[in-house]
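Computed from the coordinates by the stated procedures, all read-outs in this text should not be read as laboratory data. These figures come from a predicted structure and were not determined experimentally. Using ideal geometry, Cβ is built from the backbone for each residue, glycine included, and neighbour counts are taken over all protein chains shown.
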Amino acid sequence: MRDEKDKTKLIIKVLIAVVFLLALIVLYLAVFQQQYNNFVNEKRTEGINLAVSEILAQLQTNGYVTIPVGNQTLILIPYIPPTGTENLGNQTQ
């Protein structure tokens, strides 16, 4: 009789522990992970804005930007599209 009471108490304790663990997992997924993802997205946006502003500042200062990509270099220069009046003198008929 005593063994059955002990088994029942043990089963109840194990079930309470499992429910508590599941509640912690749900709390993590619902609250903490969402806050962490929001933090990561804010920092990603901040990094992108910082990189773009640095590229634009270097472009305005030097007139070009070099970006290393692996073992190659990407050179960015401002593009100034030709106007219609510049091409009129070069046309021959």
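Largest mean-square fluctuation among ASN41, ASN62, ASN71, in a Gaussian network model of the chain whose springs join Cα atoms under 10 Å apart, belongs to ASN71.
Here's the picture: charge each Lys and Arg Cβ at +1 and each Asp and Glu Cβ at -1 in region 2-63, and of LEU29, VAL14, THR45 the one pushed furthest to the positive end of that dipole is VAL14. For the chain, the Cα-based Rg and Dmax, in that order, read 32.2, 113 Å.
Applying the Karplus relation 6.51 cos²θ - 1.76 cosθ + 1.60 with θ = phi - 60° to region 10-27 yields 3J(HN,Hα) values of 5, 5, 5, 5, 5, 5, 5, 5, 5, 4, 4, 5, 5, 5, 5, 5, 5, 4 Hz, where x marks Gly and Pro. Residue-wise HN-Hα couplings along region 64-75, as the Karplus relation 6.51 cos²θ - 1.76 cosθ + 1.60 with θ = phi - 60° gives them from phi, are 7, 9, 10, 10, x, 10, x, 9, 10, 10, 9, 10 Hz; Gly and Pro carry x. Relative to the dominant Cα principal axis of the chain, helix 33-62 is inclined by about 20°.
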